[in-house]
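Enquirer: This is the structure I have questions about; it appears just below.
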Amino acid sequence: MPEAAHIAPSTQTLTPEEAESYYFKINPAPPSLQEHHELAKEFIDRHVKSGRRLVLVTSGGTTVPLETQTVRFVDNFSAGTRGATSAEYFLQEGYAVIFLHRQFSLLPYSRHFSHSTNCFLDFMDEGSSSSTTSSSSTGKNNNNENDHGPIIVRSEYQDEMRKVLRQYNYAKANNLLLVLPFVTVTEYLYELRSLAYLMKPLGPNALFYLAAAVSDFFIPRDRMVEHKIQSSNEPPVKKENKDQTGTDSSIPPDSIYTGFNDPVPPTHGKKLIIDLDPVPKFLHRLVDGWAPAGSMVVSFKLETDPDLLISKSEQALQRYSHHLVIGNLLSTRKWEVVFVSRDKATGEFGLKWIRVPKSSTRMRKGSVAASGGGTHLQPDVEIESLIIPELKKAHSQMIESAAKGTHEGK
Ligand code: PAZ
């Protein structure tokens, strides 16, 4: 008889607190958590002292590993464009930014010159040395080691690069941007919880802008295999264990390794059936426990079916009682988003569409992850340049009413 499978408590029957405690008990913390904690503590304390607003921007997708020594994982489309672009506009609006992003996704400022659509080398050239003109102007591959022209930014990119470089240097010199990476969904959740607790002293000056595309499903650590899942049912044949018929006698046929702990192997032939658990809904815990009192929590809702966008956004607000859901559709997310809010007194929902002007369309090289690259239509105006000032207004109102409440409460 195969051994009974480990039965995890159904997350449906747990309170959010119990689901949190169970999740963090069985899924180990990322090794970098302590180091990130220290960096973030110093960063947050500095901005608490200065009275500056601070936003935690989450960005990019999360992976769901299938093995603890991870070869394969489930991932999603997010390139981190929304998060990286928004971070820049938050900085422009005077916020300090913690940028919690999926490792190797787009970063604020460097996003202008990175990834395969904007290869940084295309922005540069080798200037003339005393004896030659630039190699690109001659079209020759100049490998003469003694012939060192300075590396320069091509003239057509000077203005754009200067502008971005100045903004980047300003953020760096004034310690306004802290960049922290994660990879897996579990790493993301550990980091989010740790940062939210650290942000407590910020009170209403804290803003959570949750633009990361976080997986809803994962394999809990206690159901995950260590080694690479095999693509065939055949166990490795050890010569010395073969009987006369050539069959491997050391491995009973019912314990053929399939890559899972399940008593009944879920793979048939070369199929791989992945059995994922739901990730507990941590927005509840963020709003009710981790985040500072009076802080503003903004989540994103991505859909592909336009008929679902508003209802799902409203559902999220109802369920988690946070302040704002920004709804967007996969295909139009760079053109329009909808702010979905709820009046606490009447319970009524409010919708506000934010759209880039129709005239601002041009052909531009596409984003790598979302479209597989290629040339397609993109707006000239970054929609985040409209989203962030609007959010700042809403955040200011919250800060004001929190101050009034404190004042009146005295
Ligand atoms: O990273 P990106 O710019 O390619 O995409 C941004 C986005 C669609 C992931 C973001 O706007 C969003 O909706 N995030 C939340 C997704 C969700 O969990 O529903």
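The values are calculated or read from the model by the stated rules, or taken from the named source; none is laboratory data. What you see is a predicted model, and the numbers here were worked out from it, not measured in a lab. Quick reminder, even Gly has a Cβ in these numbers, built from the backbone with ideal geometry, and neighbours come from all protein chains shown. The protein model used for the area step is the full one, side chains on, heavy atoms only, and it has no ligands, DNA or RNA in it. Shrake-Rupley method; radii C 1.70, N 1.55, O 1.52, S 1.80 Å.
Enquirer: How much solvent-accessible surface does V179 expose, in Å² to the nearest 10, with a 1.4 Å probe and all protein chains in place?
Expert: Here the residue's solvent-accessible area equals roughly 60 Å².
Enquirer: Would you please put 275-281, 63-69, 89-95 in order of how densely packed they are, using the mean number of other Cβ atoms within 10 angstrom per residue and starting with the highest?
Expert: Numbers: 275-281: 15.6, 63-69: 17.3, 89-95: 19.0.
Ranking the peptides 275-281, 63-69, 89-95 by packing returns 89-95, 63-69, 275-281.
Enquirer: What FRET efficiency would be calculated for the residue pair L14, V381, taking the C-beta separation as r and a Förster radius of 56 Å, to the nearest 0.05? List each step's numbers first, then the result.
Expert: Numbers: r = 45 Å, r/R0 = 0.80.
That pair, L14 with V381, gives E of 0.80.
Enquirer: Sequence-distant or interchain residues sharing an amide H contact under 5 Å with R342, placed H: which?
Expert: Here G350 satisfy the definition.
Enquirer: Tell me, what HN-Hα J-couplings in whole Hz come from the Karplus equation 6.51 cos²θ - 1.76 cosθ + 1.60 at θ = phi - 60° for each residue of region 331-336, using x for Gly and Pro?
Expert: Once θ is set to phi - 60°, the couplings for region 331-336 become 7, 10, 5, 8, 10, 8 Hz.
Enquirer: Excluding residues on the same chain fewer than 8 positions from K200, give the aspartates and glutamates whose Cα lies under 13 Å from its Cα.
Expert: D45, D288
Enquirer: On to the next question. Greater than 20 Å separation of Cα atoms is the criterion. Which listed pairs, K301/K358; K312/K344; K49/K172; K281/K352; K344/K404, meet it? Don't skip to the end; give the middle numbers.
Expert: Details: K301/K358 23 Å; K312/K344 18 Å; K49/K172 18 Å; K281/K352 26 Å; K344/K404 17 Å.
Pairs exceeding the cut-off: K301/K358; K281/K352.
Enquirer: On to the next question. What residues have an amide H closer than 5 Å to that of F218, excluding those fewer than 5 places away on the same chain, when H is modeled at 1.01 Å from N in the peptide plane?
Expert: So F218 has HN proximity to D277, V279.
Enquirer: Students often forget the sequence filter, so: which aspartates and glutamates lie under 15 Å Cα-Cα from K334 once same-chain residues fewer than 8 apart are removed?
Expert: Candidates past the 8-residue exclusion: E303, D380, E382, E384.
Enquirer: Would you pull out the residues with amide H under 5 Å of N76's amide H, same chain only if 5 or more places away, H placed 1.01 Å from N?
Expert: T62
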